[in-house]
């Protein structure tokens, strides 16, 4: 059994997937870690699964659409004791995940990235950076006493066993909030570390729908029964 699974949810990421896998492989090779790279494909039509397999990654298919669906599928299929999950659009550097591994080994069941540690020019829209993410993160902290400053960071690490025990079920983008809330309510220690958010390497339209996804996060925060 590998110590680590590097999990990437994927929907039509042909332009960037190989580069993300290459970064992850370089980290694994240079650090001598027993690890697998797992792609949770969510219905790609651009050949992403074939690219992933050619690059040496394992591919599983999430039959139900949605960001949360892809990650739940990947968590269930992962073989590693620890899982580091991150978007495969080049937003995050999979070579620089050593601090995630170190903190997971120290016993933190959830290690969150915080993009406000460094955001490249053009990597985050103004509305997200100064209004949406700060407000939703504040609301989550207040309601659930979850000491996390960036609820929606796309790179995070978990102990697989603990994540499996939480009954994670949100299918859409609000999965990012659900995960933090359920770890916090379980009384788990949560670490948060600065990460650099790079500009989306695909150069196309983001999968995020600002108002729709923002409302899904807010509704979850306001209506979830503790």
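Values for this structure:
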item	result
Scope the stretch 23-52; condition surrounded by 12 or more Cβ atoms within 10 Å (Cβ to Cβ) and over 24 Å from residue 102 (Cα atoms); matching residues	40, 41, 42, 43, 44, 46, 47, 48, 49, 50, 51, 52
Residues of the stretch 59-78 satisfying the condition of being in contact (Cβ under 8 Å) with a residue 12 or more places away in the chain and assigned to a loop (DSSP other than H, G, I, E, B)	62, 64, 65, 66, 78
Residue within the stretch 18-32 that is outside any helix (DSSP H, G or I), touching a residue at least 12 places away in the same chain (Cβ under 8 Å), closer than 25 Å to residue 172 by Cα and more than 12 Å from the chain's Cα centre (by Cα) present	no
Matching entry among 98, 122, 107 (being loosely packed, with under 13 Cβ neighbours inside 10 Å, more than 14 Å from residue 197 (Cβ to Cβ) and over 16 Å from the mean Cα position of the chain (by Cα))	107
Residue 221, sole failed condition from (1) farther than 21 Å from residue 3 by Cα; (2) over 17 Å from the mean Cα position of the chain (by Cα); (3) at pLDDT 90 or above; (4) surrounded by fewer than 15 Cβ atoms within 10 Å (Cβ to Cβ)	(4)
Residue that is nearest to residue 105 (Cα to Cα), among those in the stretch 164-183 that are over 13 Å from the mean Cα position of the chain (by Cα) and crowded, with 20+ Cβ neighbours inside 10 Å	183
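The values are calculated or read from the model by the stated rules, or taken from the named source; none is laboratory data. As the structure is a prediction and not an experimental result, all values here were calculated from the model. We place every Cβ from the backbone using ideal geometry, glycine too, and count neighbours over all the protein chains shown.
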